[in-house]
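Notes for the one structure printed next.
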Amino acid sequence: MDLIQRLALCVERGKVDRNFPYPPDMKDSDGASELTTLLLETGESANSILKRGLMVGMDTVGAKFANGQAFIPELLVAAKAMNAAMVHLKPYFESGEAKHRGSIVIGTIQGDLHDIGKNIVGMVLKGAGWNVIDLGSNVSADKFITALRDNNCKLAALSALLTTTMLNMESVVGEIKGAITGSMVFIGGAPLSNEFSDKIDADGYFPDPHTFSKYLSTLNT
Ligand code: B12
């Protein structure tokens, strides 16, 4: 098994770092934190580590969860391992030009606590030179509107990971657009699509932070 496969396994099994006692059969071996550092040292790109290692591990534990072979505690330790790895990747995602292109407010939609994907979007946008105002998860329309007003900002990006909470997006998009003239609201997250974006009158769906960042750079802000 190569390093990147070992990293995927650490996320899947929730092996955070060498000192983390769980899972017992991986005791005293490197965890997601050490393997990410090693991979960076060998020249693997942050993007490849994210896509070929961390997200593969997350997808595997997610599939197990869907089949009833893993439960919430397993998802939580997997998220912990992913976050321990992301600490090392953060500087690479954020190392873009220092000058701000403009501001954007981001957050996970109300009812939804999944914030790993949204955090990555934030890092990539910061790296691309945006001033990112991150409202965290479980964010209501009112909070988005207040943050947009406070920061004199017209761009918002909403994340949803649940087929139930994605439905909350329609009213939040409508409320933001009703309250802030000229605002643009973008959406992303695994269960969403272009069709859904059209249906709820959002200004676009983007499957990943890089496509989104590229599109934003074409806007005249
Ligand atoms: C980790 C995890 C959790 C953790 C979240 C920890 C955290 N801090 O985020 C915990 C344990 C809390 C959790 C809880 C639950 N979860 Co959960 N979870 C996952 C899991 C395994 C991984 C999600 C993840 O982080 N992926 C990695 C990131 C990097 O990917 P991503 O989020 O898709 O983001 C990428 C893109 O989508 C995109 N993106 C995301 N947002 C945005 C926004 C914009 C603007 C743009 C441009 C792009 C973009 O960019 C990102 C990077 O490429 C998924 C399964 C999976 N494989 O996805 C299930 C999953 C999402 N969870 C699921 C469920 C059911 C739940 C619970 C309801 C379980 C329960 N019964 O309580 C609760 C809900 C809690 C709540 N109210 O939110 C289901 C959802 C099913 C559905 N159809 O809705 C999934 C799919 C698992 C499954 N297969 O059944 N979960």
Item checked: Qualifying positions in the range 45-56 - within 17 Å of residue 31 (Cβ to Cβ) and either charged (D, E, K, R) or more than 9 Å from the ligand (Cβ to nearest atom) (or both) -> 49, 53, 56
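Can you find a residue in the range 131-145 that is at pLDDT 95 or above, among the aromatic types (Phe, Trp, Tyr) and farther than 25 Å from residue 75 by Cβ?
Going through the range 131-145, the residues at pLDDT 95 or above turn out to be 133-145.
Then drop every residue that is not among the aromatic types (Phe, Trp, Tyr), which leaves 144.
Those still in the list that are farther than 25 Å from residue 75 by Cβ too: 144.
Checking the range 131-145: at least one residue is at pLDDT 95 or above, among the aromatic types (Phe, Trp, Tyr) and farther than 25 Å from residue 75 by Cβ.
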Next item on the list: Please state which of the following conditions residue 157 fails to meet, knowing it meets all the rest: (1) in contact with a Lys or Arg (Cβ under 7 Å, 6 or more places away or on another chain); (2) farther than 24 Å from residue 66 by Cβ; (3) within 9 Å of the ligand (Cβ to nearest atom).
Entry: (1)
Check: How about the range 138-154: which of its residues are buried (at least 20 other Cβ atoms within 10 Å of the Cβ) and not in a helix (DSSP H, G or I)?
Finding: 139
Checklist line | Residue list for the range 57-79, restricted to those being more than 6 Å from the ligand (Cβ to nearest atom), farther than 21 Å from residue 20 by Cα and either under 17 Å from the mean Cα position of the chain (by Cα) or part of a helix (DSSP H, G or I) (or both) | finding: 63, 64
Item checked: Every residue from the range 156-167 that is surrounded by fewer than 20 Cβ atoms within 10 Å (Cβ to Cβ) and outside any loop (DSSP other than H, G, I, E, B) -> 167
Notebook entry, point to check: Name the residues in the range 62-120 that are without any contact (Cβ under 8 Å) to a residue 60 or more places away in the chain, of a type in the set (A, V, I, L, M), assigned by TED's automatic domain parsing to the domain that holds residue 169 and under 19 Å from residue 52 (Cα atoms), would you?
Noted result: 116
Next item on the list: Scan the range 106-122 for residues that are more than 6 Å from the ligand (Cβ to nearest atom) and at pLDDT below 95 and report the count.
Entry: 2
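Looking at 124, 56, can you tell me which residue is outside the structural domain of residue 190 (by TED's automatic domain parsing), closer than 17 Å to residue 208 by Cα and touching a helix residue (DSSP H, G or I) at 6+ places or on another chain (Cβ under 7 Å)?
Numbers: 124 fails: outside the structural domain of residue 190 (by TED's automatic domain parsing).
Residue meeting the stated conditions: 56.
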Check: How many residues, within the range 172-218, are surrounded by fewer than 14 Cβ atoms within 10 Å (Cβ to Cβ), of a type in the set (Gly, Ala, Ser) and assigned to a helix (DSSP H, G or I)?
Finding: 1
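Look through the range 15-44, keep the residues that are hydroxyl-bearing (Ser, Thr, Tyr) and either within 16 Å of the ligand (Cβ to nearest atom) or part of a helix (DSSP H, G or I) (or both), and return whichever of them is farthest from the chain's Cα centre (by Cα). Steps first, answer last, please.
Here is the first cut: in the range 15-44, the ones hydroxyl-bearing (Ser, Thr, Tyr) are 22, 29, 33, 36-37, 42.
Pick out the ones that are also either within 16 Å of the ligand (Cβ to nearest atom) or part of a helix (DSSP H, G or I) (or both) and you get 22, 33, 36-37.
On the way: 22: 25, 33: 18, 36: 18, 37: 20 Å.
Going through the qualifying residues, I end up with 22.
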Notebook entry, point to check: touching a residue at least 60 places away in the same chain (Cβ under 8 Å), more than 10 Å from the ligand (Cβ to nearest atom) and assigned by TED's automatic domain parsing to the domain that holds residue 115: does that describe residue 167?
Noted result: no
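The values are calculated or read from the model by the stated rules, or taken from the named source; none is laboratory data. Quick caveat: nothing in here was measured; it's all calculated off a predicted structure. Note that each Cβ is placed from the backbone with ideal geometry, even for glycine, and that neighbours are counted across all protein chains shown.
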